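Heads up: the structure comes next, in structure tokens.
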Amino acid sequence: MEYLTFALAKGRLATKTMEILESIGITCEEMKDKDSRKLIFVNEEKKLKFFLAKASDVPTYVEYGAADIGVVGRDTILEEDRHIYEVLDLNIGRCRMCVAGPESAKELLQSGQLIRVATKYPKIAKDYFFHKKHQTVEIIKLNGSVELAPIVGLSEVIVDIVETGTTLKENGLSVLEEILPLSARMVVNPVSMKMEHERIADIIEKLRHRGE
Ligand code: PRP
């Protein structure tokens, strides 16, 4: 039997994902050692491998077949736009992709003015403003702490993930428009889906009916 390899987005999502996988009998004792600096973990008995990657790299590993299966947020899947199959909504990591800013920016959005939009997600922002709203905007790519941008005058609004809304609130910003609901998804390499169909379909089926 070949190894089936999972790429997980490291951080909170990976911990939650392993809990869900454990509930259907997919376990990896090696991974529970939080002090370990190992990058790849193996369950020899079940012929499974797991590795943790930066979220935005998970679709890449899955597209090239370095991982058969990935678990990552819908935000990353849309932004990376890789040739992979999205097979299941895991219903964890629920949040929303939003346009946010100071209340005063609401008017700028409605009047369709040329505004600047700071974001970690330029593709999602472009799709929304150019193709859905038909509004010309200037997109500025940032790599984190995006809420800073409207506060220091880099942009009028941001496109970012809102989970509890605390970050926005504590910085005097609010949700101005909702773009998409988000959650963690399971993705599969198209070749693996054919070659390992039985094993992968069984995992999807078990995950779909977990807790029933
Ligand atoms: C995300 C997102 C927001 C925050 C939203 O940031 O970009 O900043 O979480 O969560 P909240 O609505 O519950 O406050 P993340 O922690 O991923 O950091 P980064 O964007 O700075 O990389």
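Observations on the structure shown:
- Of all residue pairs spaced 6 or more apart or on separate chains, none has beta-carbon atoms under 6 Å together with a first member in the stretch 100-125 that is within 10 Å of Val137 (Cβ to Cβ) and without any contact (Cβ under 8 Å) to a residue 12 or more places away in the chain and a second member that is open to solvent by less than 10 Å² (accessible area, probe 1.4 Å) and assigned to a loop (DSSP other than H, G, I, E, B).
- Matching residues in the stretch 105-144 - criterion: being open to solvent by less than 70 Å² (accessible area, probe 1.4 Å), part of a helix (DSSP H, G or I) and within 20 Å of Ile77 (Cβ to Cβ): Pro122, Lys123, Ile124, Ala125, Asp127, Tyr128, Phe129
- Selection within the stretch 83-95: residues that are within 24 Å of Asp202 (Cβ to Cβ) and in contact with an Asp or Glu (Cβ under 7 Å, 6 or more places away or on another chain). The member of this set that is least open to solvent (accessible area, probe 1.4 Å) is Ile84.
- Residue check, Glu147 in contact with a helix residue (DSSP H, G or I) (Cβ under 6 Å, 6 or more places away or on another chain), open to solvent by 40 Å² or more (accessible area, probe 1.4 Å), more than 25 Å from Val62 (Cβ to Cβ) and at pLDDT 95 or above: no
- Considering residues of the stretch 5-41 that are hydroxyl-bearing (Ser, Thr, Tyr) and open to solvent by 20 Å² or more (accessible area, probe 1.4 Å) only, the residue farthest from Ser183 (Cα to Cα): Ser36
- Ile204 being touching a residue at least 40 places away in the same chain (Cβ under 8 Å) and farther than 18 Å from Arg94 by Cβ: yes
- The stretch 63-78: number of residues that are more than 9 Å from the chain's Cα centre (by Cα) and either open to solvent by less than 30 Å² (accessible area, probe 1.4 Å) or within 16 Å of the ligand (Cβ to nearest atom) (or both): 4
- Meets criteria (assigned to a strand (DSSP E or B), within 16 Å of the ligand (Cβ to nearest atom) and in contact with a Cys (Cβ under 6 Å, 6 or more places away or on another chain)) for Ile161: yes
The values are calculated or read from the model by the stated rules, or taken from the named source; none is laboratory data. Since the structure is predicted, the reported quantities are computational estimates derived from the model, not experimental observations. Note that each Cβ is placed from the backbone with ideal geometry, even for glycine, and that neighbours are counted across all protein chains shown. Protein only, heavy atoms only, side chains kept; ligands, DNA and RNA dropped before computing areas. Shrake-Rupley method; radii C 1.70, N 1.55, O 1.52, S 1.80 Å.
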